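Everything on this sheet refers to the single structure shown next.
The values are calculated or read from the model by the stated rules, or taken from the named source; none is laboratory data. In this text, all values refer to a predicted model and were calculated from it rather than measured experimentally. Here the Cβ positions follow ideal geometry from the backbone for every residue, glycine too, while neighbour counts run over all protein chains shown. Surface areas here come from the heavy atoms of the whole protein model, side chains and all, with no ligands, DNA or RNA. Shrake-Rupley method; radii C 1.70, N 1.55, O 1.52, S 1.80 Å.
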Amino acid sequence: MQSNWQTAVSERKMGERRKMAVPLSLEKAATWIVLVPVAFFFIYPLWKLIALSVQTEAGIGLRYFADVITHERTWNAIGHSVTAAGASTLIALVIGVSLAWLCAYTDIRWKSGIHVLALLPLLIPSYVMTLAWTQLAGPQGVLNLAASWLYGGPLELWNVYGLDGIIVVMGLTHYPLVYMLTLSVLYRIPKELEWAAHSSGATATTVFRKVTLPLALPGIAGGGLLAFISGLDNFGVPAFLGIPENIPLLSTLIYEEVIGFGPSAFARASVLSILLGVIALAGTGVQWLFLRKSRVDQTSAEDKSIRRHLERYRRVVEVLVGLFLLVTSVLPLLSMAANAFIKAYGLPFVPQNLTWKHFAFVLFDHVGTRAAIGNSLMLACLTGVLCVVAGTWFAYWRIHRPSFMGKVMEGAVALPYALPGMVLGLAMILTWIEPIPGWQPGIYGTVWLILIAYVTRFLILQVKSSTVSIMQVGKEVEEAARINGGRFWAKWSRILLPLYAPGMATGLFLVFLTAFTELTISSLLWSSGSETIGVVIFSFEQAGSTTHSTALSSLIVAAILLALAMGGLWKRYWQRRIQG
């Protein structure tokens with residue numbers, strides 16, 4: 001009897017051990033399944049980049065660092081990059097904070113329209129907005145032509161080409177980043193604090209300086225540092241406005257080194273990429289330090305009530321805001337579209353000079369454009385599908401298996417997006433020429449290398465979007481499905497996916513739109529037959545075919561606006577379905 005009881009107890013303990021061992025082994029297997037791809041696709045390329053920068057004929061050394069750092073053009077590029085990113089950030093801060101304060105606290109009208117127009121420069125690719133600005137404020141742009149006509153002779157009010165143009169266009173392109181983060185923080189500042197300051201005799205200026213501004217500082221600083229990092233990362237603006245004037249920035253200097261194909265081109269470009277990456281990562285670190293202090297703001301409920309009545313100044317403020325948005329968001333795009341209809345660049349916009357032939361050329365006659373549109377659509381679709389599957393699965397694993405290693409891997413996945421695109425593009429080249437010694441998979445120079453680079457760079461966007469939806473669904477939902485006998489596929493197809501769908505769709509849309517119009521990475525990775533839309537527009541502009549580049553850019557803008565409208569309709573439909 002005693003023996004039977006001991007045997008039963010022993011079998012029960014062994015069963016419990018087996019039950020504990022299986023999940024543990026599965027958890028370890030899942031960790032390795034995530035760790036190996038993350039290490040190979042996200043860490044290994046950056047290691048290859050660093051390794052090449054210190055690899056010389058004599059072994060490990062800093063010869064290429066010494067060559068690059070002692071070159072005068074390098075310091076010019078560093079100075080131009082920091083100046084352009086810093087000055088454009090100041091512009092973005094002034095515009096973004098002012099506009100956010102007006103929309104968050106005052107009784108200004110048409111806020112929804114202001115919000116859409118304010119975000120437009122961020123939704124349109126920066127190189128398209130830059131091309132639009134060249135048509136508005138270039139030597140033969142609408143602004144200077146109108147000034148010459150009014151003056152009665154040649155008159156140039158402002159030429160957008162040059163460092164000042166880079167600063168202004170970057171500032172106008174990146175201020176929506178400051179606007180969005182500042183607006184979110186301002187909504188969460190309790191109005192009772194401001195009322196208390198007013199009741200103590202403080203003026204409106206004092207309240208803003210001593211109450212509102214300090215509380216909103218984390219969001220303002222976070223948006224400003226995002227604008228700074230975006231300025232360092234940007235390739236389209238300095239390529240369009242700086243290369244024609246021989247004004248190098250680090251991003252364009254890396255591009256020039258790579259396409260130069262010199263004996264040490266890749267090594268020198270690696271050094272420049274490390275310099276650019278160090279500056280960007282330093283900015284990212286400072287941004288993290290500021291944003292971690294904004295937790296209190298994020299936990300407060302949003303208060304969208306009106307706190308300031310503009311009274312007799314309201315109409316004046318509305319007119320000024322409307323004119324600003326019209327000039328910075330709408331007028332450049334209209335100037336670009338108008339130039340696309342001109343028979344030859346520089347002719348006046350009159351009926352006898354208008355034609356559809358440039359649109360017909362880029363859509364039907366130019367083989368490279370048709371191939372580029374097909375490549376961009378394919379790349380955007382495949383990138384979106386791969387990211388929504390891998391990103392949602394990674395987010396699910398990260399939330400349901402919290403660990404220090406998970407945090408490290410999430411940081412590794414985010415690293416390619418935090419680094420400038422030029423750095424990642426060069427890392428992809430160095431990795432996939434020969435990923436493993438002796439193995440050349442033949443991916444380099446094909447469209448598949450661009451796909452790998454896109455997924456590597458944009459996966460974190462899907463991870464963040466899916467994480468939001470997954471965290472909103474409690475674990476008890478899965479427990480209920482398991483208790484009721486729901487198998488894996490039934491649980492995911494009938495319960496989890498419909499609940500995760502909004503966040504997944506948001507991430508998919510963001511990844512698709514970003515990949516469809518990408519230029520920085522593809523400018524380094526493309527070859528004959530793998531051109532993208534951004535590369536073709538850049539090539540048209542470099543060749544002087546402005547009417548063709550504006551025609552294709554106008555079509556891209558129309559496609560983006562259509563996609564945004566469809567996304568808005570889908571969001572409204574989904575909200576009604578949930579409420580119904």
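If you bin all the Cα-Cα distances of the range 163-215 at 10 Å, starting from zero, the percentages per bin are 22, 34, 23, 16, 4.
Distances between placed amide hydrogens fall under 5 Å for residue 310 paired with 107, all partners being 5 or more residues away or on another chain.
Taking every protein chain into account, the 1.4 Å probe leaves residue 326 with about 80 Å² of accessible area, to the nearest ten. Other residues within the sphere of radius under 15 Å centred on the Cβ of residue 162, judged by their own Cβ, net out at -3 (K and R +1, D and E -1).
Could you work out the relative contact order of the range 492-570? I mean the mean sequence separation of Cα pairs under 8 Å and 6+ apart, divided by the number of residues, in percent.
19
For the pairs 111/191; 464/571; 191/464, flag any whose C-alpha to C-alpha distance is greater than 25 Å. Table pairs above 25 Å Cα-Cα are 191/464.
Taken one residue at a time, the phi angles of the range 200-214 give Karplus couplings (6.51, -1.76, 1.60, θ = phi - 60°) of 8, x, 6, 7, 4, 5, 5, 4, 5, 6, 9, 10, 5, 4, x Hz. Gly and Pro are set to x.
Rounded to the nearest 500 deg cm²/dmol, what is the calculated helix-only ellipticity per residue at 222 nm for the chain, with -39500 (n - 2.57) per DSSP H run of length n ≥ 4?
So the calculated ellipticity at 222 nm is -24000 deg cm²/dmol.
The fraction of accessible area contributed by carbon and sulfur in the chain is 67 percent, rounded to a whole number (1.4 Å probe; ligands and nucleic acids excluded).
Once all protein chains are placed together, residue 365 keeps about 100 Å² accessible to a 1.4 angstrom probe.
Per the Kirkwood formula on distinct C-alpha pairs, the Rh of the range 293-384 is how many angstrom?
Kirkwood radius, the range 293-384: 18.8 Å.
Per residue, the convex hull around the alpha carbon atoms of the chain comes to 233 Å³. The value of relative contact order for the range 98-192, using C-alpha pairs under 8 Å at least six residues apart, is 36 percent. Taking amide H as placed 1.01 Å from N in the peptide plane, the amide H of residue 56 sits under 5 Å from that of 61, each at least 5 places away or on another chain.
The relative contact order of the chain comes to 19 percent, based on Cα pairs under 8 Å that sit 6 or more residues apart.
Its residue count N sets the reference 2.2 N^0.38 Å, and the alpha-carbon radius of gyration of the range 146-259 equals 1.58 times that reference.
Rounded to the nearest 10 degrees, what's the angle between the helix 250-260 long axis and the longest principal axis of the chain, both from Cα atoms, 0 to 90? The angle comes out at about 90 degrees.
For the residues 417, 454, 255, a 1.4 Å probe over the protein chains yields an accessible-area ranking, largest first, of 417, 255, 454.
The local environment of residue 197, defined by Cβ-Cβ distances under 15 Å, has a net charge of +3 under the rule Lys, Arg +1 and Asp, Glu -1. For the chain, the solvent-accessible area of protein heavy atoms averages 50 Å² per residue (probe radius 1.4 Å; ligands and nucleic acids excluded).
Positive contributions from Lys and Arg (+1) and negative ones from Asp and Glu (-1), summed over other residues with Cβ under 15 Å from the Cβ of residue 255, come out at -3. Rg over Rh for the range 339-409 works out to 1.42, both radii taken from alpha-carbon positions and Rh defined as the Kirkwood radius.
Accessible surface ranking for 562, 241, 35, 1.4 angstrom probe, highest first: 562, 35, 241.
Not counting ligands, DNA or RNA, and with a 1.4 Å probe, what is residue 43's accessible surface area in Å² rounded to the nearest 10? About 80 Å², rounded to the nearest 10.
Under the convention that each Lys and Arg Cβ holds +1 and each Asp and Glu Cβ holds -1, the size of the dipole of the chain around its Cα centre is about 2260 debye.
Share of pairwise Cα-Cα distances greater than 18 Å in the range 524-574 is 49 percent (whole percent). By how many degrees, 0 to 90 and rounded to 10, does the Cα axis of helix 404-418 deviate from the longest principal axis of the chain? Here the helix axis deviates by roughly 20 degrees. The order of 405, 504 by accessible area, most exposed first and with a 1.4 Å probe, is 405, 504.
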